[in-house]
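Working notes, structure below.
The values are calculated or read from the model by the stated rules, or taken from the named source; none is laboratory data. This structure is a prediction, so every number in the text was calculated from the model and none was measured. Methodologically, a virtual Cβ is constructed for each residue, glycine included, from the backbone with ideal geometry; neighbour enumeration extends over all protein chains shown. Side chains are part of the model used for accessible areas, which takes the heavy atoms of the whole protein and leaves out ligands, DNA and RNA. Shrake-Rupley method; radii C 1.70, N 1.55, O 1.52, S 1.80 Å.
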Amino acid sequence: MPIIRFEGQEYDCSEDETLLDSLASHGVMLPSACKAGACQTCLTRALKGKPSAASQQGIRDTLAAQGYFLACLCKPSGDMEIGLASVSPRYSARLVGKELLNESIIRLRLERPASFSYRAGQFVNLTREGDALTRSYSLASIPSDDCLELHVKRVPDGKMSNWLFDEVVVGDELSFFGPSGDCFYISDSGDQPLMLAGAGTGLAPLYGILRDALEQGHRGPIHLFHASLATPGLYLMDELRALATRYEQFHYTPCVLHGDAPEGGVQGNIVDIPAMTLGSLAGYRVFLCGDPPIVNGLRQKSFLAGASMQAIYSDPFVFTPA
Ligand SMILES: Cc1cc2nc3c(=O)[nH]c(=O)nc-3n(C[C@H](O)[C@H](O)[C@H](O)COP(=O)(O)OP(=O)(O)OC[C@H]3O[C@@H](n4cnc5c(N)ncnc54)[C@H](O)[C@@H]3O)c2cc1C
């Protein structure tokens, strides 16, 4: 059985278990969130021994070359000595705003720490003091905003989301680290058409990316498709319509699966709507965020409609199944 050395202690680790789970069974809780290799919260460094190839897929090659790996994907085949990655500084920020956007989504506004810089569309990892519970939330704000903005959906029995809904109040300090993610706007081709799509709080990073592109003077058409099961689940409709009025290159399409769509919207499956509405997506830069099956479906349909895989940026909100 491989032996894992961490902070001066040795732990045995079954080859059938991930290093994250093995250490947890010994009471050693490494920071983690999605446990599926998406959020990279459990980025760890091998000081001795070799991490599995699977645990280094999806991280930058420069990090892999330095021995970094994802503990949630690593089933060790030999002894290792590991250390925590210190690539993301931690921040503490005061909550200055909390409001309902619809019955199951809240908007949180955090004072932006002076040293924190980010790209619109990236995400941060919120950590609850006390038990170190950590979850990823996308930034809906843009760097020129005074505050950091998060949109949080209440998940039934969800530990973090219910805590944020029911217990956290304005004035509390929240701790987070990051930013992470590469789903953001780059202003290198201002005439390229953009397609942004997602459901629920998938709008959070898309709202940031959209405002960032407009602020940076993007000239090409920008199409945003935001979906919900039914009209009451949509949010920020007034803000998005106001942007569509102000910027002629921006087009907003609210989408609902059931019932009548709101004015200017479409009823149907969000996975099909962008390609059906726009026809060919050849030459588009595509941003897809939110629920993983929807993001995967949209990625496939966008590719089939002509978008190049390299031009599709996505942020699936992966979560750990119960
Ligand atoms: C990169 C990234 C960005 C994210 N950005 C956002 C964001 O901007 N806004 C936001 O609200 N969330 C976002 N998430 C999801 C978020 O990190 C949490 O997973 C979510 O808030 C649930 O956490 P919880 O502690 O409340 O639920 P948990 O205690 O982790 O889960 C409770 C139960 O609900 C299930 N569950 C968890 N999430 C979901 C879900 N989405 N749908 C159905 N069942 C679920 C679990 O399997 C479990 O059974 C993001 C995730 C990632 C990876």
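Observations, loosely collected:
- For the chain, the carbon plus sulfur part of the accessible surface works out to 49%, probe radius 1.4 Å.
- Cross-link pairs 98/153; 35/301; 35/159; 35/98 - those with Cα-Cα distance over 21 Å: 35/301; 35/98
- GluC sites (Glu not before Pro) restricted to DSSP loop in segment 41-125 with at most 10 other C-beta within 10 Å: 103
- On the beta carbon distance between residue 60 and residue 263, with R0 = 30 Å, the FRET formula returns roughly 0.10.
- Low-density loop positions, trypsin sites (Lys or Arg not before Pro), segment 207-286 - DSSP coil, at most 13 other Cβ in 10 Å: 219
- Candidates per GluC sites (Glu not before Pro) in segment 219-322, loop by DSSP, up to 13 other Cβ within 10 Å: 248, 263
- Evaluated at q = 0.16, 0.17, 0.21 Å⁻¹: base-10 log I(q)/I(0), Debye formula over Cα of segment 90-180: -0.58, -0.66, -1.05
- Model label sites at residue 103 and residue 157, defined 7 Å from Cα along the beta-carbon direction, differ in position by 2.2 nm.
- The chain, accessible area per residue, ligands and nucleic acids excluded (1.4 Å, Å²): 46
- Contact order for segment 83-234, expressed relative to its length and based on alpha carbon pairs under 8 Å spaced 6+ residues apart, stands at 27 percent.
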